[in-house]
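A.B. asks: The structure follows.
The values are calculated or read from the model by the stated rules, or taken from the named source; none is laboratory data. Owing to the predicted nature of the structure, the values given are computational and were not obtained by experimental measurement. Every residue, glycine among them, receives a Cβ derived from its backbone with ideal geometry; neighbour counts consider all protein chains shown. The area values use the complete protein model at the heavy-atom level, side chains included, leaving out ligands, DNA and RNA. Shrake-Rupley method; radii C 1.70, N 1.55, O 1.52, S 1.80 Å.
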Amino acid sequence: MESKDEAKTTDWYELEAGESKATFLVWQDLTVIAQNWRNGATRKLLHGLNGYAEPDRIMAIMGPSGSGKSTLLDALAGRLSTNTIMKGNVLLNGKKGSAACRDASYVIQEDYFLGTLAVRETLTHSAQLRLPSEMTNNEIVEETIIKMGLQDCAENKIRNWHSREISKGEKRRLSISIEILTQPRVLFLDEVTSGVDSASAFFVLQVLKKIAHDGRIVVCSIHQPSSHLFELFDDLLLLSCGETIYFGDAKFVVKVIN
Ligand SMILES: Nc1ncnc2c1ncn2[C@@H]1O[C@H](COP(=O)(O)OP(=O)(O)OP(=O)(O)O)[C@@H](O)[C@H]1O
Ligand SMILES: [Mg+2]
């Protein structure tokens, strides 16, 4: 693994100086400290993590509840809460802090929508707000609906908890659809398959893998995936108590940990 790391570091510096189209995300000595404003006590949530994510690959962040998965995603995406301090570097193609710019999108753990809108309407409104050209909006919305397998429920209203017309899996796919409308170069997803059945989870991950293979970086936290789901990941970052305990090719983890 060390030789792979070294090779990537070299590529990275070449990218920094050159004109490569590929996007690389690197984090160096990443530490997040939470402050408790009442008594001034602090707590380290992430302990000097190092790693990188590369295009054409999909990375899983795994670890027990409270190990720091969401905190790491938040730190990489530049959306940590205000009571935290981040130390270290997050670099997107060698530039500091750029993961928070429009090149990156973040799908949060919960799905929030306006219940009175239908699926296609939700995507159309989002496209109108976020995309520069109205000419291509409809085309992009239709492409996204097909890509995410939402054709059958496109006219269904989302509704809310007491009367719903779309399933949890469809809601999750809609959340992802909204974030991929802008075709971000980096896509972060927190608990990507939370609350969806295994068939939907498999479909979602297959779509994300296709998105990654389109030259994008996909990093997602995932809770206890089945072996079928796990096999879809290229890279794995395993966290425990805010520390990296494995970082590398997902298929070698069993060998290394044993
Ligand atoms: N802003 C904050 N202030 C104080 N403590 C925090 C803050 N954010 C997270 N924590 C704490 O940091 C630890 C890691 O939280 P985090 O949400 O990253 O875990 P997680 O691995 O995503 O867990 P889960 O699988 O339950 O979502 C937890 O103990 C949490 O209580
Ligand atoms: Mg979390």
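A.B. asks: When you check Thr136 against the structure, is it part of a helix (DSSP H, G or I), away from ligand 1 (no atom under 16 Å from the Cβ), open to solvent by less than 40 Å² (accessible area, probe 1.4 Å) and closer than 25 Å to Arg216 by Cα, yes or no? Walk me through how you get there before you give the answer.
C.D. replies: Details: part of a helix (DSSP H, G or I): yes; away from ligand 1 (no atom under 16 Å from the Cβ): yes; open to solvent by less than 40 Å² (accessible area, probe 1.4 Å): no; closer than 25 Å to Arg216 by Cα: yes.
When the stated conditions are applied, Thr136 does not pass them.
A.B. asks: I would also like to ask the following. So which residues in the range 171-184 are open to solvent by 10 Å² or more (accessible area, probe 1.4 Å) and modelled with pLDDT of 90 or more? It would help to see each step written out before you state the result.
C.D. replies: Within the range 171-184, the first condition is being open to solvent by 10 Å² or more (accessible area, probe 1.4 Å), and the residues that meet it are 171, 173, 175, 178-180, 182-183.
Hits for the range 171-184 are Arg173, Ser175, Ile178, Glu179, Ile180.
A.B. asks: Inside the range 183-195, can you point out the residues that are away from ligand 1 (no atom under 16 Å from the Cβ) and either assigned to a helix (DSSP H, G or I) or without any contact (Cβ under 8 Å) to a residue 60 or more places away in the chain (or both)? Talk me through it step by step, then tell me what you get.
C.D. replies: First pass over the range 183-195, keeping only residues away from ligand 1 (no atom under 16 Å from the Cβ): 183-187.
Gln183 - this is the single residue of the range 183-195 that is away from ligand 1 (no atom under 16 Å from the Cβ) and either assigned to a helix (DSSP H, G or I) or without any contact (Cβ under 8 Å) to a residue 60 or more places away in the chain (or both).
A.B. asks: Of all residues in the range 45-71 being more than 9 Å from ligand 1 (Cβ to nearest atom) and open to solvent by 50 Å² or more (accessible area, probe 1.4 Å), which is nearest to the chain's Cα centre (by Cα)?
C.D. replies: Arg57
A.B. asks: Return the residues of the range 223-238 that are assigned to a loop (DSSP other than H, G, I, E, B) and either within 16 Å of ligand 1 (Cβ to nearest atom) or small (Gly, Ala, Ser) (or both); say none if nothing qualifies. Don't jump to the end; show me each part of the working.
C.D. replies: Taking the range 223-238 and keeping what is assigned to a loop (DSSP other than H, G, I, E, B), we get 223-226, 231-234.
Across the range 223-238, the qualifying residues are His223, Gln224, Pro225, Ser226.
A.B. asks: What's the number of the only condition in (1) modelled with pLDDT of 90 or more; (2) open to solvent by less than 40 Å² (accessible area, probe 1.4 Å); (3) farther than 26 Å from Val253 by Cα that Ala104 fails to meet?
C.D. replies: (1)
A.B. asks: Also, I was wondering about something else. For the range 200-222, enumerate the residues that are in contact with a strand residue (DSSP E or B) (Cβ under 8 Å, 6 or more places away or on another chain) and not in a helix (DSSP H, G or I). Can you show your working first?
C.D. replies: Taking the range 200-222 and keeping what is in contact with a strand residue (DSSP E or B) (Cβ under 8 Å, 6 or more places away or on another chain), we get 205, 208-209, 211-212, 216-222.
Across the range 200-222, the qualifying residues are Arg216, Ile217, Val218, Val219, Cys220, Ser221, Ile222.
A.B. asks: Here's something else I'd like to know. Any residue at all in the range 72-82 that is of a type outside the set (D, E, K, R), assigned to a helix (DSSP H, G or I) and more than 16 Å from ligand 1 (Cβ to nearest atom)? Break it down stepwise before answering.
C.D. replies: Our first condition is that a residue be of a type outside the set (D, E, K, R); within the range 72-82, this holds for 72-73, 75-78, 80-82.
From the residues that got through so far, the ones that are assigned to a helix (DSSP H, G or I) too are 72-73, 75-77.
Add one more test, that the residue is more than 16 Å from ligand 1 (Cβ to nearest atom), and what stays is none.
No - not one qualifying residue is present in the range 72-82.
A.B. asks: Pairs, please: C-beta under 7 Å, at least 6 apart or cross-chain, first residue on the phi > 0 side of the Ramachandran plot and in the range 45-65, second in a strand (DSSP E or B) and surrounded by fewer than 18 Cβ atoms within 10 Å (Cβ to Cβ)?
C.D. replies: Qualifying pairs under 7 Å: Gly48/Asp29; Gly48/Thr31; Gly48/Gly88; Gly63/Ser240.
A.B. asks: Also, quick follow-up: Out of the residues in the range 193-220 that are among the polar types (S, T, N, Q) and buried (at least 17 other Cβ atoms within 10 Å of the Cβ), which is farthest from Ile146 (Cα to Cα)?
C.D. replies: Kept after step one, since they are among the polar types (S, T, N, Q), are these residues of the range 193-220: 193-194, 198, 200, 206.
Filter again for buried (at least 17 other Cβ atoms within 10 Å of the Cβ), leaving 193, 200.
Details: Thr193: 19, Ser200: 15 Å.
Ranking the qualifying residues of the range 193-220, first place goes to Thr193.
A.B. asks: Ile85 - would you say it is modelled with pLDDT of 85 or more, surrounded by fewer than 18 Cβ atoms within 10 Å (Cβ to Cβ) and within 16 Å of ligand 1 (Cβ to nearest atom)? If you could, list the steps in order and put the result at the bottom.
C.D. replies: On the way: modelled with pLDDT of 85 or more: yes; surrounded by fewer than 18 Cβ atoms within 10 Å (Cβ to Cβ): yes; within 16 Å of ligand 1 (Cβ to nearest atom): yes.
Here the answer is yes, as Ile85 does meet what is asked.
A.B. asks: Looking at the range 107-114, is at least one residue within 16 Å of ligand 2 (Cβ to nearest atom), surrounded by 20 or more Cβ atoms within 10 Å (Cβ to Cβ) and not basic (Lys, Arg)?
C.D. replies: Yes: the range 107-114 contains one or more residues that are within 16 Å of ligand 2 (Cβ to nearest atom), surrounded by 20 or more Cβ atoms within 10 Å (Cβ to Cβ) and not basic (Lys, Arg).
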